Amino acid sequence: MNAQIRRQIMERLKAERPEPESELNHNNAFELLIAVMLSAQATDKSVNLATPALFAAMPDAATMAQKTPEDVEPFIKTIGLYRNKAKHAVGIAKALMERFNGEVPQTLKDLMSLPGVGEKTAKVVLNVAFHKPFIPVDTHIFRVCQRTGLVQAKTANECSEKLEKSLPEEFRLGAHHWILLHGRYCCTARKPQCTKCPIADLCHWPEKELL
Ligand code: SF4
């Protein structure tokens, strides 16, 4: 795909949702970090239902670090893989207290040194909480890129790196949300809404249905 078409795609996705926000509810970087970790293989909706009570009981790293995974489990029982995630939550809080003065670090390397925090989670935190131009790739973004031809990649991490290199700078901060929400609400896994799609004429997917 050439640079001009890439730019047109991003301009149209931006026009659809000029000021997108994370659909994971949070009040600060610590809450966002825990919420993103909890959202792996779960819906944002299920995480948003669980986190208000969790953060009311454990509002910061200092408080959560004093707890055990068994203390966290009852709050997140409705979220998939909750036992592992409870261990990661306490592990993250302890690591923040021991190594980062209770604050969420602002580099990819430091974030990825925390338990249960992979590249995608780290990039979401850097993008959403610290406004750094990373483009984390989830299943929705990967699908949109594969179908449209925005970038071609075999893995989510490769896709993320290619987007970060190839999208015009002015779109890099918002690209994560613009492409994700397009995938979540229009270019859905099953029955994508190609007839209503704002980038249908630019999309390379041979199976797109325009009638
Ligand atoms: S035309 Fe269809 S397949 Fe292509 S981006 Fe739009 S919704 Fe997705």
Looking for something of a type in the set (F, W, Y) and under 23 Å from G102 (Cβ atoms) - is there at least one such residue anywhere in the range 76-87? no
For R147, state whether it is assigned to a helix (DSSP H, G or I), within 15 Å of the ligand (Cβ to nearest atom), closer than 15 Å to P20 by Cα and open to solvent by 20 Å² or more (accessible area, probe 1.4 Å). no
Being part of a helix (DSSP H, G or I) and in contact (Cβ under 8 Å) with a residue 24 or more places away in the chain is the filter; apply it to the range 122-138 and report the residue that is nearest to P168 (Cα to Cα). N127
So in the range 98-121, with the set limited to residues that are assigned to a helix (DSSP H, G or I) and farther than 22 Å from P136 by Cα, which one is most open to solvent (accessible area, probe 1.4 Å)? E98
F142 touching a residue at least 24 places away in the same chain (Cβ under 8 Å) and among the hydrophobic types (A, V, I, L, M, F, W, C): no
Determine whether the range 21-28 contains at least one residue that is of a type outside the set (G, A, S), over 22 Å from R184 (Cα atoms) and in contact with a helix residue (DSSP H, G or I) (Cβ under 8 Å, 6 or more places away or on another chain). yes
Considering only the range 122-137, I want to know if a residue exists there that is under 27 Å from P18 (Cβ atoms) and in contact with a Gly (Cβ under 7 Å, 6 or more places away or on another chain). no
If a residue must be open to solvent by 20 Å² or more (accessible area, probe 1.4 Å) and within 10 Å of the chain's Cα centre (by Cα), how many such residues does the range 122-135 contain? 1
Just one of the numbered conditions (1) within 16 Å of the ligand (Cβ to nearest atom); (2) closer than 19 Å to S39 by Cβ; (3) surrounded by fewer than 17 Cβ atoms within 10 Å (Cβ to Cβ) is not true of I141; which one? (3)
Test set (1) more than 8 Å from the ligand (Cβ to nearest atom); (2) at pLDDT below 95 - E164 fails condition number: (2)
Of all residues making up the range 68-97, the number that are more than 14 Å from F30 (Cβ to Cβ), open to solvent by 40 Å² or more (accessible area, probe 1.4 Å) and free of Cβ contacts under 8 Å to residues at least 40 places away in the same chain: 11
Restricting the first residue to the range 44-66 and requiring it to be exposed (fewer than 13 other Cβ atoms within 10 Å of the Cβ), which pairs with a second residue that is outside any loop (DSSP other than H, G, I, E, B) meet a Cβ separation below 6 Å and a spacing of at least six or different chains? A53/F75
Within the range 1-30, work out how many residues are crowded, with 21+ Cβ neighbours inside 10 Å and under 20 Å from V90 (Cα atoms). 1
Go through the range 159-174 and count every residue that is open to solvent by less than 10 Å² (accessible area, probe 1.4 Å) and assigned to a helix (DSSP H, G or I). 4
Hey, could you check the range 190-211 for residues that are within 24 Å of the chain's Cα centre (by Cα) and open to solvent by 90 Å² or more (accessible area, probe 1.4 Å) and say which is farthest from the ligand (Cβ to nearest atom)? R190
In the range 175-187, residue nearest to the ligand (Cβ to nearest atom) [restricted to those that are at pLDDT 95 or above and open to solvent by 10 Å² or more (accessible area, probe 1.4 Å)]: C187
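The values are calculated or read from the model by the stated rules, or taken from the named source; none is laboratory data. Note that this is a predicted model, so its numbers are computed, not measured. Positions of Cβ are backbone-derived with ideal geometry, glycine not excepted, and every protein chain shown enters the neighbour counts. SASA here: full protein model, heavy atoms, side chains in, ligands and nucleic acids out. Shrake-Rupley method; radii C 1.70, N 1.55, O 1.52, S 1.80 Å.
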